[in-house]
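Engineer: The structure that follows is given in the form of structure tokens.
The values are calculated or read from the model by the stated rules, or taken from the named source; none is laboratory data. Just so we're clear, the structure is a prediction, and the values are computed from it rather than from any experiment. No Cβ is skipped: glycine too gets one built from the backbone with ideal geometry, and neighbour counts run over all protein chains shown. Side chains are part of the model used for accessible areas, which takes the heavy atoms of the whole protein and leaves out ligands, DNA and RNA. Shrake-Rupley method; radii C 1.70, N 1.55, O 1.52, S 1.80 Å.
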Amino acid sequence: MSEDEFYRIKRLPPYVIAEVNAMRAAARAAGEDIIDLGMGNPDLPPPAHVIEKLCEVAMKPDAHGYSQSKGIPGLRKAQANYYARRFNVELDPESEVVVTMGSKEGLASLATAITGPGDVVLAPNPSYPIHTFGFIIAGATIRSVPTTPDENYWRALDRAMAFTVPRPSILVVNYPSNPTAESVDLAFYERLVAWAKENKVWVLSDLAYSELYYDGNPTPSILQVPGAKDVAVEFTSMSKTYSMAGWRMGFAVGNKRLIAAMTRVKSYLDYGAFTPIQAAACAALNGPQDIVAKNRELYQKRRDVMVESFGRAGWDIPSPKASMFAWAPLPPALKEMGSLEFSKQLLTHAKVAVAPGVGYGEDGEGYVRIAMVENEQRIRQAARNVRKFLAMHGVNTPSVAAGGGG
């Protein structure tokens, strides 16, 4: 019996990005120096005091038993304090906050708790895979809506409600968006909450990039809208904010019914994260926040270097307003190649790994996602390699590039 005969596996398409990842791994194993801008894996260390807290609590003999599935009370309180401080939103740590193993596990657990076969979920296309596959694995059906938050978005929502049977019951939003880096203002969320109430739809907001915003424009939370808690749950993560990706620490906050359903399902599935990790997460949220501003500054510099040096190499990339990604249209001369083939060629000939846009849904075709997870020097090196690659294909680089190519 092949694995493809299992019900849930049958519903999953091949993971396109895995093809490029396998090529990258093979090239590295062969000793090639690959500049990896493919995976959104932060290259910065967590704050020193957070690691110290982890070690300190791990030394305690009583810290190694099962932990509370919904998170230790101190950590839920620390997350509620973060929302009060950052968004001026009041949360009850007992009934409106649950700790998750990263926002990815949180979304999957909530999908398991509240959807099943016959349910229809509205999800962005292109989108981060868990926004669709979490629900597909739970047996639900996905109807795509655009990512770009313009009038076309609202028309698509209204069409989906008018013409989908059964009517959709859940909408997933993700701003700043992974992969497209688009962001929204509070007015967007105000309109969204009103729409959700009118249409009796739950809103699941993924705010994993809450602190990676640029040019002094902080990202809002949907929960800042009065009455949002009636219809919304929001996910955040410590992965990017504190460079704690491998620690798997995230949160779901908001609507009590959804939080209760998720907490109940989680209590059957896991015992919660290792207590010393939760204690260290408290130290991150309650301690000095200068590292957050420092990381934001560093990513903004990388963004500016990437846009400038790739532009000089002949590849124009729109400057992202937030997140750790740029969503880059393929150079016009190579558009026919498609994003998967382009990514493979770039890896082979320029030694630069990027993620093919089609891996995030069919509407991602024609783009690649570039992660700003290498230092400025390596980004400039990537631009030099890209310039040679484009020249191979007869793409003329701007004359300024002649002196050094970014």
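Engineer: For Rg and Dmax of the Cα atoms in Å, which listed value, (1) 21.8, 81; (2) 21.6, 65; (3) 24.1, 85, comes from the coordinates shown?
Structural biologist: Only one listed value fits the structure, namely (2).
Engineer: While we're looking at this one, here's another question. What FRET efficiency comes out for residue 27 versus residue 141 if R0 is 51 angstrom and r is the Cβ-Cβ distance? Round to the nearest 0.05.
Structural biologist: Rounded to the nearest 0.05, the efficiency is 0.85.
Engineer: Report the calculated FRET efficiency for residue 286 and residue 337 (r = Cβ-Cβ distance, R0 = 35 Å), to the nearest 0.05.
Structural biologist: Approximately 0.10, to the nearest 0.05.
Engineer: Would you work out what percent of the accessible area of segment 218-340, with all protein chains in place, is carbon or sulfur (probe 1.4 Å)?
Structural biologist: Result for segment 218-340: 57 percent of the exposed heavy-atom area is carbon or sulfur.
Engineer: Mind ordering 129-139, 104-114 by average Cβ neighbours within 10 Å, highest first?
Structural biologist: Sorting 129-139, 104-114 by mean packing, highest first, produces 104-114, 129-139.
Engineer: Something else: Sort 285-291, 68-74 for me by packing, meaning the mean count of neighbouring Cβ atoms within 10 Å per residue, highest on top.
Structural biologist: My ranking of the peptides, most packed first, is 68-74, 285-291.
Engineer: Any idea how far the Cα center of segment 80-137 sits from the one of segment 308-368, in Å?
Structural biologist: So the two Cα centres are separated by 29 Å.
Engineer: What length, rounded to one decimal in nm, is gained on full extension from residue 199 through to residue 151, with 0.36 nm per residue of separation minus their alpha-carbon distance?
Structural biologist: 15.5 nm
Engineer: Here is a further query. Measuring with a 1.4 Å probe in the full set of protein chains, what accessible area per residue, in whole Å², belongs to the chain?
Structural biologist: Solvent-accessible surface per residue comes out at 43 Å².
Engineer: While we're on this one: With r as the distance between the Cβ atoms of residue 85 and residue 62 and R0 = 45 Å, compute the FRET efficiency 1/(1 + (r/R0)^6) and round to 0.05.
Structural biologist: 0.90
Engineer: For segment 173-243, what is the relative contact order in percent, using Cα pairs closer than 8 Å and at least 6 residues apart in sequence?
Structural biologist: About 36 percent, as a whole number.
Engineer: Another question, then. Once you have the Cα-Cα distance between residue 270 and residue 51, take 0.36 nm times their residue separation minus that, and quote the gain in nm to one decimal.
Structural biologist: Length gained, residue 270 through residue 51: 76.4 nm.
Engineer: Moving on. When Lys and Arg each count +1 and Asp and Glu each count -1, what net charge do the other residues less than 15 Å away from residue 260, Cβ to Cβ, add up to?
Structural biologist: Value of the local net charge: +3.
Engineer: Subtracting the Cα-Cα distance from 0.36 nm times the residue separation, let me have the gained length for residue 165 to residue 297 in nm, one decimal.
Structural biologist: Length difference between fully extended and current span is 42.9 nm.
Engineer: Loop only by DSSP, 10 or fewer other Cβ within 10 Å of the Cβ. Give me the chymotrypsin sites (Phe, Trp or Tyr not before Pro) in segment 49-128 that pass, ordered by residue number.
Structural biologist: 66
Engineer: Net charge around residue 30, counting only other residues with Cβ within less than 12 Å of its Cβ (Lys, Arg = +1; Asp, Glu = -1)?
Structural biologist: Taking every other residue near residue 30 into account, the sum is +1.
Engineer: Convert 10 °C to kelvin, take the viscosity as 1.306 mPa s, use the Kirkwood radius over C-alpha pairs of segment 1-152 as Rh, and evaluate the Stokes-Einstein diffusion coefficient in µm²/s, rounded to a whole number.
Structural biologist: Approximately 80 µm²/s, per Stokes-Einstein.
Engineer: 7 Å from Cα along Cα→Cβ at both residue 321 and residue 39: what's the point-to-point distance in nm?
Structural biologist: 3.1 nm
Engineer: Can you tally the net charge around residue 69? Count Lys and Arg as +1, Asp and Glu as -1, for every other residue whose Cβ sits under 9 Å from the Cβ of residue 69.
Structural biologist: +1
Engineer: Show that you can apply the helix-only estimate: for the chain, add -39,500 (n - 2.57) for every DSSP H stretch of four or more residues, divide by all residues, and state [θ] at 222 nm to the nearest 500.
Structural biologist: Mean residue ellipticity at 222 nm (helix-derived): -13000 deg cm²/dmol.
Engineer: So, one more: Based on a Kirkwood Rh over C-alpha pairs, give the Stokes-Einstein translational diffusion coefficient of segment 260-406 at 10 °C and viscosity 1.306 mPa s in µm²/s.
Structural biologist: Estimated via Stokes-Einstein, D reaches 90 µm²/s.
Engineer: Still on this structure: Taking a spot 7 Å from the Cα of residue 308 along the direction of its beta carbon, which residues of segment 365-396 have an amide N less than 13 Å from it?
Structural biologist: Residues 376-377, 380 fall inside that zone.
Engineer: What ranking do 196-204, 22-30, 241-249, 144-152 get when scored by the average of other Cβ atoms within 10 Å per residue, highest first?
Structural biologist: Put in order of decreasing packing, that is 241-249, 196-204, 144-152, 22-30.
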